[in-house]
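Quick notes on the structure that follows.
The values are calculated or read from the model by the stated rules, or taken from the named source; none is laboratory data. All of these numbers come straight from a predicted model, not from anything done at the bench. Note that we place each Cβ from the backbone using ideal geometry, even for glycine, and neighbour counts take in every protein chain shown. To get the accessible areas, we keep the full protein, side chains included, count just its heavy atoms, and leave off ligands, DNA and RNA. Shrake-Rupley method; radii C 1.70, N 1.55, O 1.52, S 1.80 Å.
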Amino acid sequence: MLQTPLHSLYIHGGVKLIEASGYSLPNFFSSSDKEYIGAHTQAAITDRSYLGRIVLNGPDALDLLNRLSTNQLDYLPPGTGATTAITTNKGRLIDWVTVLQSENSVIVLTSAGRSKLVTDWIDKYTIVEEITTLDLTDSTAMIGVVGPMATDVLLSIFGSTVQLDRYGSTEVTWRDQPVVILRTDPFGLPNYDVIVDASHAEILWAQLLDANIEKPAIPMGAATSEILRVEAGVPLWGRELTESRNPLEAGLAGSISWTKGCYIGQEVVARLKTYDKVQRYLVGFSMDSNLTIEHATSLILNGTKVGFVT
């Protein structure tokens, strides 16, 4: 399993670690109930360093991403962003990413373990465009601040410059270090991410938990983050998102523009929608049961398999 820059903090703190998204991450810091309530009523601090972080510089960055993915990106002004799917020429998923246009560059958040593949894909189609790509995944940490008091936590540490709308981004200086702050709200809750050099990750983690706010922030483990993800219906690479699926199967219609120009895989994706050829759909369901349901459990209706649990 891979390790995030906060790994030694977990080891010294005696936190139980589990495999999540290919990384060794804390299961819980306290309990799922306490962390879940904390994320919904105050602020929870969580390690999101497993997500890939790519920075694109150059005047053609947004235009190229627009031609390589499903959503309309070339109009994005600084301080805004969008989610988009990168697909093969057969319309299959390479990744579902978040693109944020800052004042000086474009930030791309990828799924866990996909940043190199996405970087290589962008480089493959960079021919005459003025673009440079830099994969920061291994050299930085990304710490999430989740919950209704998330803004208060960041204001107490970084000041008024962090009042962002969804998909907003800003760069601040903290302890003489450049820090990038993003807001993406993937769980239907306020959710900021702070990208910092890996060598300063533990210091920032401690300071965020120590923020001078009405209700102290609490640390949140990967298991509680997974509860929030499933509850919000957010697809994850390796579960709902795989190279064998297309964006419509994975519930990514909101990340597709049907009016923009061509992109790689566009004809296939458009044909699936036009002729109603999507064979399976990502849906949510609940049940009154205390049973533990494992990943890939089959769903049977009248003796016929109609789906499986992700």
- Along the stretch 9-16, Karplus-curve 3J(HN,Hα) (6.51, -1.76, 1.60; θ = phi - 60°) to the nearest Hz, with x for Gly and Pro, reads 4, 5, 5, 5, x, x, 7, 5
- Contour minus Cα-Cα distance for D165 and T41 (0.36 nm per residue): 42.7 nm
- Query: Residues with amide H under 5 Å of D95's amide H, sequence separation 5 or more or different chain, H placed in the peptide plane at 1.01 Å from N; which?
  - Reply: I86
- Item | Lysine pairs in the chain with Cα atoms under 18 Å, if 8 or more residues apart or on separate chains | 7
- Rounded if a/c is under 1.5, else prolate if a/b is larger than b/c, else oblate: which is the stretch 175-304, with a ≥ b ≥ c the root eigenvalues of its Cα gyration tensor? oblate
- Query: So what is the relative contact order for the chain, in percent, with contacts set as C-alpha pairs under 8 Å and at least six apart?
  - Reply: 22
- For S102, enumerate residues with amide H under 5 Å from its amide H, sequence gap 5+ or separate chain, H modeled in the peptide plane. G79, I107
- Note on the structure: Taking the dipole of the chain about the Cα centre (Lys, Arg +1; Asp, Glu -1; charges at Cβ), the one of T87, I195, N57 that reaches farthest to the positive side is T87
- Quick one: dipole size for the stretch 179-254, taken about the Cα centre, charges +1 on Lys/Arg Cβ and -1 on Asp/Glu Cβ, in debye to the nearest 20. 140
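Give the ranking of M142, M1, M149 by solvent-accessible surface, highest area first, calculated with a 1.4 Å probe.
Greatest to least solvent exposure: M1, M149, M142.
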- Query: At a 1.4 Å probe radius, carbon and sulfur cover how many percent of the accessible area of the chain?
  - Reply: 50
- Message: If amide hydrogens are placed 1.01 Å from N in the peptide plane, which non-local residues have theirs closer than 5 Å to the one on W237?
- Response: A112
- Answer in debye to the nearest 20: the dipole magnitude of the chain about its Cα centre, from +1 Lys/Arg and -1 Asp/Glu charges placed on Cβ, is 960
- Task: With a probe of 1.4 Å, find how much accessible area the stretch 7-143 has per residue, and write the answer as a whole number in Å².
- Result: 42
- With only helices counted (DSSP H, runs n ≥ 4, each -39500 (n - 2.57)), the per-residue ellipticity at 222 nm for the chain, to the nearest 500, works out to -6500 deg cm²/dmol
